[in-house]
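*Asks:* Before I ask anything, here is the structure I am working with.
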């Protein structure tokens, strides 16, 4: 897998959509995992774990990688693909366009979450409580 340097990545973000995966992780009691993002886009918002797909990486492998990197969850199964969406963000004078595929994961392991430096906090929410949080419409739709 090829990871590009930050300067080139910024040029690409300004020029074209970025292919991403987002993880809809449900625990054994039906709660959904959300992370509070540290970086743009969606900085300081509750979001699904996930991120960009690297060159020569299958989307399902990216989903497994992001589950491990962002949450500490080692998946020994193929996550279920459940839809592709386009997202547009305008933040701080920058435009972000991503095409993301959601992967659904029923997590029966530990509720302990190990965050990387992309997130500063996490919560497990009940899907019916999604309106109690100031969530992006994409996140509300994904949870529903």
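*Asks:* Which one is farthest from residue 87 (Cα to Cα) among residues in region 125-135 that are surrounded by fewer than 16 Cβ atoms within 10 Å (Cβ to Cβ) and touching a strand residue (DSSP E or B) at 6+ places or on another chain (Cβ under 9 Å)? I'd like the intermediate steps shown before the answer.
*Replies:* Just the residues of region 125-135 that are surrounded by fewer than 16 Cβ atoms within 10 Å (Cβ to Cβ), to begin with: 126-129, 131-134.
Applying the additional criterion that residues be touching a strand residue (DSSP E or B) at 6+ places or on another chain (Cβ under 9 Å) yields 126-127, 132-134.
Values: 126: 24, 127: 21, 132: 22, 133: 20, 134: 17 Å.
Filtering region 125-135 for residues that are surrounded by fewer than 16 Cβ atoms within 10 Å (Cβ to Cβ) and touching a strand residue (DSSP E or B) at 6+ places or on another chain (Cβ under 9 Å), the one farthest from residue 87 (Cα to Cα) comes out as 126.
*Asks:* Among 120, 140, which is surrounded by fewer than 14 Cβ atoms within 10 Å (Cβ to Cβ), touching a strand residue (DSSP E or B) at 6+ places or on another chain (Cβ under 6 Å) and within 16 Å of residue 33 (Cβ to Cβ)? Explain how you work it out, then say what you get.
*Replies:* Numbers: 140 fails: touching a strand residue (DSSP E or B) at 6+ places or on another chain (Cβ under 6 Å).
Among 120, 140, only 120 is surrounded by fewer than 14 Cβ atoms within 10 Å (Cβ to Cβ), touching a strand residue (DSSP E or B) at 6+ places or on another chain (Cβ under 6 Å) and within 16 Å of residue 33 (Cβ to Cβ).
*Asks:* Next up: Is it the case that some residue within region 7-19 is at pLDDT 95 or above, surrounded by fewer than 19 Cβ atoms within 10 Å (Cβ to Cβ) and either on the phi > 0 side of the Ramachandran plot or part of a helix (DSSP H, G or I) (or both)?
*Replies:* No, the conditions are met nowhere in region 7-19.
*Asks:* Is it fair to say residue 135 is within 15 Å of residue 24 (Cβ to Cβ), over 14 Å from the mean Cα position of the chain (by Cα) and in a loop (DSSP other than H, G, I, E, B)? Walk me through how you get there before you give the answer.
*Replies:* Working: within 15 Å of residue 24 (Cβ to Cβ): yes; over 14 Å from the mean Cα position of the chain (by Cα): no; in a loop (DSSP other than H, G, I, E, B): yes.
So residue 135 fails the test.
*Asks:* Could you list, in sequence order, all residues of region 55-71 that are in contact with a strand residue (DSSP E or B) (Cβ under 6 Å, 6 or more places away or on another chain) and over 21 Å from residue 114 (Cβ atoms)?
*Replies:* Passing the criteria: 55, 59.
*Asks:* If you take the residues in region 63-112 that are over 12 Å from residue 23 (Cβ atoms) and touching a helix residue (DSSP H, G or I) at 6+ places or on another chain (Cβ under 7 Å), which one is modelled with the lowest pLDDT? Steps first, answer last, please.
*Replies:* Taking region 63-112 and keeping what is over 12 Å from residue 23 (Cβ atoms), we get 72, 74, 76-78, 83-99, 108-112.
Pick out the ones that are also touching a helix residue (DSSP H, G or I) at 6+ places or on another chain (Cβ under 7 Å) and you get 74, 78, 85, 87, 96.
Working: 74: 95, 78: 94, 85: 96, 87: 95, 96: 91.
Across region 63-112, the extreme among qualifying residues is 96.
*Asks:* When region 90-114 is examined, which residues are found to be out of contact with any strand residue (DSSP E or B) (no Cβ under 6 Å at 6 or more places or on another chain) and closer than 18 Å to residue 68 by Cβ? If you could, list the steps in order and put the result at the bottom.
*Replies:* Initial filter on region 90-114 (out of contact with any strand residue (DSSP E or B) (no Cβ under 6 Å at 6 or more places or on another chain)): 90-95, 108-112, 114.
Within region 90-114, 108, 109, 110, 111, 112, 114 qualify.
*Asks:* Taking only pairs six or more apart or across chains, which ones have beta-carbon atoms under 7 Å, a first residue in region 87-108 that is in contact (Cβ under 8 Å) with a residue 12 or more places away in the chain and on the phi > 0 side of the Ramachandran plot, and a second residue that is surrounded by 13 or more Cβ atoms within 10 Å (Cβ to Cβ) and in a loop (DSSP other than H, G, I, E, B)?
*Replies:* If the second residue must be surrounded by 13 or more Cβ atoms within 10 Å (Cβ to Cβ) and in a loop (DSSP other than H, G, I, E, B), the pairs left are 92/40.
The values are calculated or read from the model by the stated rules, or taken from the named source; none is laboratory data. Every value quoted in this text rests on a predicted model; they were computed, and no experiment measured them. Cβ atoms come from the backbone with ideal geometry, glycine included; neighbour counts cover every protein chain shown.
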